[in-house]
Amino acid sequence: FRSGKYVYKPIMNQTCCPQYTIRCQALHFQASKSHKKVLKKMLKFISKGNVLKVVSEEEPMDSHIEDVAACDFPYKSESQVSQSELTPLAVDHAERVENEDKDSGETKEEGNVQKVESDSVQICTDKDTPVPAEPSHSAKAVHAPPKPGHCPLGIMVCFCTVSDRKEDERKLQKLLQSQMGTLEGSQLQGDQAFFLQNSKPKTNQPKNIEDFVFAPLPDDALHKLEVRLVPVSFEDPQFKSSFNQSATLFAKYQMSVHKDTPSDCGENEFTRFLCDSPLEAEHAPNGPECGYGSFHQQYWLDGKIIAVGVIDILPYCVSSVYLYYDPDFSFLSLGVYSALREIAFTRQLHEKAPDLCFYYMGFYIHSCPKMRYKGQYRPSDLLCPETYVWTPIEQCLPLLEHSKYSRFNQDGKAVDEGRLKELGRVRVLHKRTVMPYNVYKKRRKGPSDEASVQQYASLVGQTCSERMLLFRS
């Protein structure tokens, strides 16, 4: 992890609060119910401006918190779901999200259910769009018949006969025949089948974050939100022109949220912390159009910066460094919103740079409850502190509940493949000269420093120890 130009790695088995590197698999990310609520809240605010301004108590530091308890909804693969959990009237979780995310002020219409003898049953969550289900061969399929005029759990059970469905298909076939009369019968039937198959309503498809982030706004929207990606460089016109406003917002955030003094968050401190970077801008032929390096993702609301996400764009990931925002807009849950925008942004970059597919959220600290929110962006992985192998967070949480420091790789024979093998190959910068450690060791005068060099090399690994320079005076 980095702070300005300073790059650090904690000694995991010694620190009081072990910090595990966490990454989200952005391409497979599924927004939770609370995530969608935040996205809808922002859309409502931009469109109508009538969001209840209640400051969230769950918005920490540079966080994207919404669900603090990381163990509330354990992940299950399809193979782990038992048949007993699948009942005829069960609604898919993603569909429940869409139904339950409606504003609390709305009232749900109760559907009338007409009892008709039939050979098939359809279950739907929208009264206008039925979803085919398994045929009901007996009345026992419905465990508790609904009361007349009442629709339990917001689910409407629709009954139709097979003959009615076939009649609708025949009418559609006649319509296609009238429009495609020149085609041969066999070809026409194939096209009809394809059309019928693809015209079925897909109501079980959950909305992704892009559906909310890039949703069209009404012409009379009260606000305008623009997200600008600005390279962190005083040579960049946009960065230079917005520097004062951005630095002022940083100071406001630090003093309000972290109780810093004005001297703790002046322009020099802002520059050192969030503008200085060890990364150099680079444009690769197969990379994203914006290039690689450090950036500020500025959120402009009606011509004013209300939040800034500091990110690094790297060949394999987008790394979230920090977020600061205007405390006056805390009611918009900007921490959560910016994280979702950065995940969507990672997906966009992936289209141009296929290797770029992860969203790094810094460190996951299970021993600090306020930092567990990062585990709510699923699917996510934690890095094993001993073998440096990525492990699904669902497998890590039980281990962390037992011990705040844990080795995630359960293979006792597994070792760090990138571990130090040859100390003499560590690169050292001594008197403005680059040399391997075995050469420096011969020239060195005084007591041996091999123990400290050994510790350094074990932390960075063999590969980095041969790419980085260890400064020795």
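The values are calculated or read from the model by the stated rules, or taken from the named source; none is laboratory data. Since the model is a prediction, treat every value here as computed from it, not as a measurement. Positions of Cβ are backbone-derived with ideal geometry, glycine not excepted, and every protein chain shown enters the neighbour counts. What goes into the accessible areas is simple: the full protein's heavy atoms, side chains included, and nothing from ligands, DNA or RNA. Shrake-Rupley method; radii C 1.70, N 1.55, O 1.52, S 1.80 Å.
Below is a table of values for the structure above.
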{"item": "With DNA, RNA and ligands ignored, accessible area of E351 (1.4 Å probe; Å², nearest 10)", "result": "150 Å²"}
{"item": "Of K5/K431; K33/K370; K40/K304; K40/K240; K36/K240, those spanning more than 25 Å from alpha-carbon to alpha-carbon", "result": "K40/K240; K36/K240"}
{"item": "Per-peptide average of other Cβ atoms within 10 Å, ordering 325-335, 279-289, 455-465 highest first", "result": "325-335, 455-465, 279-289"}
{"item": "Largest-first ordering by accessible area, 1.4 Å probe, given options W300, W390", "result": "W390, W300"}
{"item": "Surrounding net charge for Y388, when Lys and Arg each add one and Asp and Glu each subtract one, Cβ distance under 10 Å", "result": "-2"}
{"item": "Potential extension, V434-Y8 segment - 0.36 nm per residue separation minus Cα distance", "result": "151.1 nm"}
{"item": "Listed residues K304, K445 arranged by accessible area, highest first, probe 1.4 Å", "result": "K445, K304"}
